[in-house]
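See structure below.
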């Protein structure tokens with residue numbers, strides 16, 4: 001059945017670096033699931049930096065959303081995965097879901113899409129096995145966003161993080177590059 005580790009923290013807290021370090025230290029094959037999309041030059045540079053930092057023998061799957069569906073269509077559906085799956089990150093996954101919906105989508109519609117995505121992701125982890133490292137931002141420690149879309153995003157990501165934390169075997173909170181075990 002494998003193990004699921006959720007790695008949470010603020011922006012630039014060292015989440016991705018820590019997850020990549022764990023994947024490297026495992027000495028197992030790594031499937032890196034990237035959810036970022038290059039919508040502007042700055043994001044394109046960030047993506048290129050992340051790509052260059054990863055070992056060349058890691059397999060990369062670019063999946064901005066519908067991750068379980070994409071995994072199902074790949075070779076991972078037919079057998080157990082014995083390596084590491086590093087998913088970076090839930091923060092952008094929720095962003096991609098939110099922006100795939102109409103501007104006037106109801107809160108309940110957004111939450112249902114998020115629930116469906118996260119539930120299918122948790123089920124995919126159970127079916128494929130391996131060690132899963134999932135990276136996500138903790139946005140619930142800051143101010144309440146002053147605009148409706150920001151509040152919907154914060155709530156959706158908070159719900160996704162809670163679902164993943166409940167399903168996780170381990171939860172690590174990153175502060176200034178230092179991992180702190182939560183669960």
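One table, with the values for the structure above:
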{"quantity": "Helix-only [θ]222 nm of the chain, DSSP H runs n ≥ 4, -39500 (n - 2.57) each, per residue, nearest 500", "calculated": "-15000 deg cm²/dmol"}
{"quantity": "Cβ crowding within 10 Å averaged over residues, with 84-92, 24-32, 119-127 ranked highest first", "calculated": "84-92, 119-127, 24-32"}
{"quantity": "Relative contact order of the stretch 3-181, defined on C-alpha pairs under 8 angstrom at six or more residues apart (%)", "calculated": "40"}
{"quantity": "Cα long-axis angle, helix 107-128 against the chain (0 to 90 degrees, to the nearest 10)", "calculated": "10"}
{"quantity": "Shape call, the stretch 121-183: gyration tensor on alpha carbons, a/c limit 1.5", "calculated": "oblate"}
{"quantity": "Segment residue 162-residue 116, extension gain: residue separation times 0.36 nm, minus the distance between their alpha carbons", "calculated": "15.2 nm"}
{"quantity": "Three-way shape label, the chain, alpha-carbon gyration tensor, a/c 1.5", "calculated": "rounded"}
{"quantity": "Principal-axis tilt of helix 148-167 within the chain, Cα atoms, nearest 10 degrees", "calculated": "30"}
{"quantity": "Most mobile listed residue (128, 82, 109) in the chain, GNM with C-alpha springs under 10 Å", "calculated": "109"}
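Computed from the coordinates by the stated procedures, all read-outs in this text should not be read as laboratory data. This structure is a prediction, so every number in the text was calculated from the model and none was measured. Virtual Cβ from ideal backbone geometry, glycine too; neighbours counted across all protein chains shown.
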